[in-house]
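Trainee: Below is one structure. I have some questions about it.
A short reminder: the numbers here are calculations on the coordinates, not readings from a lab. It should be emphasised that the depicted structure is a prediction, and the values quoted were computed from it without experimental measurement. Positions of Cβ are backbone-derived with ideal geometry, glycine not excepted, and every protein chain shown enters the neighbour counts.
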Amino acid sequence: MKHEEQAADGAHAGQAHSARVYDYILGGKDHYSVDVEAGNAMCREWPALPVHMRANRAFMHRAARHLAREAGIRQFLDIGTGLPTSPNLHEVVQEERPDAAVVYVDNDPIVLAHAQALLTSSPEGHTAYVDADMRTPDAIIGSPAFREALDLREPVGLMVIGILHFILPPADHALIRRLLDPLPSGSYVAMSIGTADFAPVEVGRVASEYERRGMPMCLRTREQAEAFFDGLELVEPGVQQVHKWRPPADPSPVDDRDIAMYGAVARKP
């Protein structure tokens, strides 16, 4: 599709979008030529970018499985869903709890156009989609899908994966708190948080590419990442690079310099 063309689903294809760049780099098919151009430019700046993105996705799967299997969570709120790439969150948690409910949230028109792929649930479970911007949490919390799908008398798993680096200070902490506020005690939050701690030059160049294409980001130090969990009870092993958070028994070797994301899971007291 040409950059200046208008997508059939109403999305403007003339500007790269973070979800579509992510889709392209991970080998998906829901992106445009402008996203391919952006993804290629970013990979030239940091060839480890695909490794980093796959590690972030794998962290989401492990965190969700932990919440469903070990913490007993059967309701999930997924902020910044992105494009449907199987296995999606509901597929992971419904393997553990077939009756699990998942509310997906995103504001990209292309994600909305493909939302039907996210709404296929197990017969016992439930999935819903909210077309809203993370930066307007009241629109999420006040949506009919949120209220109908989630029983706020029971704990909820809040998933904020690979999106927080696009939320700039000073709005970032207040936004996370606003999303947590209506969730009952015993709820959990899983977050992955972008950092340049391990490859500052290369990751800094990628961040500059994103900003040049209209997607400014804020990369956090470990101390800044840990601050998002103040007042919450961190699940072991605490805040780690995502590939080090409860890795599989036989993990593939990964160079720490190839991972630019901290991850953690925490419980709301």
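Trainee: Would you tally the net charge around S185, using a Cβ to Cβ cut-off of less than 10 Å, leaving S185 out, and scoring K and R as +1, D and E as -1? Could you put the intermediate results ahead of the total?
Mentor: On the way: positive: R267, K268; negative: none.
That works out to +2.
Trainee: Viscosity 1.002 mPa s, temperature 20 °C: what is the translational diffusion coefficient of the stretch 138-269 from Stokes-Einstein with a Kirkwood Rh over Cα pairs, rounded to a whole number of µm²/s? Display every interim value, and only then the final one.
Mentor: On the way: Rh = 16.1 Å.
The estimated diffusion coefficient comes to 133 µm²/s.
Trainee: A further question on this structure: Using each residue's phi in the stretch 240-254, evaluate 6.51 cos²θ - 1.76 cosθ + 1.60 at θ = phi - 60° and report the 3J(HN,Hα) Karplus result to the nearest Hz, with x for Gly and Pro.
Mentor: Result, rounded to whole Hz: 9, 4, 4, 6, 9, 7, 6, x, x, 4, 10, x, 6, x, 9.
Trainee: Give the range of the longest stretch in the chain that excludes all GluC sites (Glu not before Pro) found in loop regions by DSSP and having at most 14 other beta-carbon atoms within 10 Å.
Mentor: On the way: sites that count: E4, E5, E70, E124.
Free of exposed loop sites, the longest segment is 125-269.
Trainee: What does the helix-only formula give at 222 nm for the chain: each DSSP H stretch with n ≥ 4 adding -39500 (n - 2.57), the total divided by the residues, and the result rounded to the nearest 500 deg cm²/dmol?
Mentor: Details: 10 runs with 95 residues, N = 269.
Per the formula, -10000 deg cm²/dmol.
Trainee: Among the DSSP beta bridges whose two residues both lie in the chain, what percent are antiparallel, rounded to the nearest 5?
Mentor: Working: 12 of 31 bridges.
Bridges in the chain that DSSP calls antiparallel: roughly 40 percent.
Trainee: State, as an integer percentage, the relative contact order of the chain based on alpha-carbon contacts under 8 Å between residues 6 or more apart.
Mentor: Numbers: 507 pairs, mean separation 48.6, N = 269.
For the chain, the relative contact order is 18 percent.
Trainee: In whole Hz, what ³J(HN,Hα) sequence does the stretch 181-197 give by Karplus (6.51, -1.76, 1.60; θ = phi - 60°), x for Gly and Pro?
Mentor: Once θ is set to phi - 60°, the couplings for the stretch 181-197 become 3, x, 7, x, 4, x, 6, 10, 10, 10, 10, 10, 10, x, 9, 10, 4 Hz.
Trainee: Taking 0.36 nm per residue of separation and subtracting the Cα-Cα distance, what length does fully extending E236 through V201 add?
Mentor: Numbers: separation 35, 0.36 × 35 = 12.60 nm, distance 3.02 nm.
Stretched out fully, the E236 to V201 stretch lengthens by 9.6 nm.
Trainee: Using bins 10 angstrom wide from zero, how does P(r) for the stretch 24-150 break down, in % of all Cα pairs?
Mentor: With 10 Å bins starting at 0, P(r) equals 12, 38, 35, 13, 1.
Trainee: Looking only at Cα atoms, what is the convex hull volume of the chain per residue, in Å³? Mind showing how you got there, number by number?
Mentor: On the way: hull volume 32.3 nm³, N = 269.
In the chain, the Cα convex hull volume per residue is 120 Å³.
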